[in-house]
Amino acid sequence: MSGVNTIRVDDLVVEHPTVSGPLRVLNCPELSIAGGTATAITGRSGSGKSTLLGVLAGLGMPTKGCVTIGSTRVTDLPEPERVAFRRDAIGLVYQTDNLLPFLTVAENIHFQLALGGDTEDAEQRIADLLDHLGLGNMARRLPDQLSGGQRQRVAVARAIIHRPSVILADEPTGALDEANAAAVVQLLLDAHQRLGSTLVLVTHDLSIARSLGRTVELHEGSIVMDREDS
């Protein structure tokens, strides 16, 4: 999948208006993430990590510059086309699972497929994925009947059920204990390898970052370190 899911950032700037003038929260002249690879984005709170991930996902628009995924200049798309691109090509995982409380586990995952009109063999695909993630006996449970770790695994399932070419995860382990955090990261790495997806994961945990293979560190909105981890 490497040709269609390489991520490239060029001259990216994000500024927020304040009473004393524009506040620059992201200044990224260049960043390239090869398709099918895994990269961690690290840095202190307020360093611009989530802002960068949001722009990659097309959830936020930069003040200037562009983001390209494959051959698609995401930042040039009108909002309806950005929404469609994100729905079809990107899987998103957040620190909070954002599961709909009135839907079962299987229904939460099916909702992702329904958004894109991709419901062929949906029940079997969902059952197979839940089995793969060790959640096969929980399909009919509601989110409040699950532990925090189980809920986050369901969130991962929802993010990858449509086989996205890019997986973006924003502090997906921030609310989990060490054992559940390690399990969720491994699920994301397994999905990225199995699907050939590009994985970008925001984390403050350096041990998690090292497990991805590449670490990009931000400080005050700028890249201050870009390292390949063995």
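Against the definition (of a type in the set (A, V, I, L, M, F, W, C) and more than 26 Å from V83 (Cα to Cα)), how does A139 come out, yes or no?
Yes: the conditions hold for A139.
Pull up the range 21-42, narrow it to residues that are in a loop (DSSP other than H, G, I, E, B) and at pLDDT 95 or above, then point me to the one that is nearest to R8 (Cα to Cα).
Of all residues in the range 21-42, those in a loop (DSSP other than H, G, I, E, B) come to 21-22, 34-37.
With at pLDDT 95 or above added as a condition, the list becomes 34-37.
On the way: A34: 8, G35: 10, G36: 13, T37: 13 Å.
My answer is A34.
Take E123 and decide whether it is closer than 30 Å to H16 by Cα, surrounded by fewer than 21 Cβ atoms within 10 Å (Cβ to Cβ), charged (D, E, K, R) and over 17 Å from the mean Cα position of the chain (by Cα).
no
Does V74 satisfy the criteria of being touching a Leu at 6+ places or on another chain (Cβ under 8 Å), without any contact (Cβ under 8 Å) to a residue 24 or more places away in the chain, hydrophobic (A, V, I, L, M, F, W, C) and surrounded by 14 or more Cβ atoms within 10 Å (Cβ to Cβ)?
yes
Of the numbered conditions (1) part of a strand (DSSP E or B); (2) crowded, with 18+ Cβ neighbours inside 10 Å, Q152 fails exactly one; give the number of that condition.
Here Q152 clears every test but (1).
Let's see how each residue does on (1) out of contact with any Ser or Thr (no Cβ under 6 Å at 6 or more places or on another chain); (2) surrounded by fewer than 16 Cβ atoms within 10 Å (Cβ to Cβ):
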site	(1), (2)
L12	yes, no
H16	yes, yes
T39	yes, no
V67	no, no
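Run down R210, R227 and say which single residue is under 23 Å from I69 (Cα atoms), surrounded by fewer than 19 Cβ atoms within 10 Å (Cβ to Cβ) and out of contact with any Gly (no Cβ under 9 Å at 6 or more places or on another chain).
On the way: R210 fails: under 23 Å from I69 (Cα atoms).
That would be R227, the only listed residue that is under 23 Å from I69 (Cα atoms), surrounded by fewer than 19 Cβ atoms within 10 Å (Cβ to Cβ) and out of contact with any Gly (no Cβ under 9 Å at 6 or more places or on another chain).
I'd like the full set of residues that are in contact (Cβ under 8 Å) with a residue 24 or more places away in the chain and either closer than 20 Å to H192 by Cβ or of a type in the set (K, R) (or both), limited to the range 127-139.
Listed by number, the residues that qualify are L129, L130, L133, L135.
Return only the number of the condition from (1) in contact (Cβ under 8 Å) with a residue 12 or more places away in the chain; (2) closer than 14 Å to I161 by Cα that G149 does not satisfy.
All conditions pass for G149, except number (2).
Output the residue which, of all residues in the range 164-192 that are part of a helix (DSSP H, G or I), touching a residue at least 12 places away in the same chain (Cβ under 8 Å) and not hydrophobic (A, V, I, L, M, F, W, C), is surrounded by the fewest Cβ atoms within 10 Å (Cβ to Cβ).
This residue is N180.
Which of the residues spanning the range 196-215 are under 15 Å from Y94 (Cα atoms) and touching a Leu at 6+ places or on another chain (Cβ under 9 Å)?
Within the range 196-215, L199, V200, L201, V202, T203 qualify.
Give me the pairs: first residue in the range 7-18 and in contact (Cβ under 8 Å) with a residue 60 or more places away in the chain, second residue of a type outside the set (S, T, N, Q) and not in a strand (DSSP E or B), beta-carbon distance under 7 Å, and six or more apart or on different chains, which are they?
From residues that are in contact (Cβ under 8 Å) with a residue 60 or more places away in the chain, the pairs are I7/L56; V14/V55; V14/P62.
The values are calculated or read from the model by the stated rules, or taken from the named source; none is laboratory data. This is a predicted model, so every value here is computed, not measured. Positions of Cβ are generated from backbone atoms using ideal geometry, with glycine treated the same way; all protein chains shown enter the neighbour counts.
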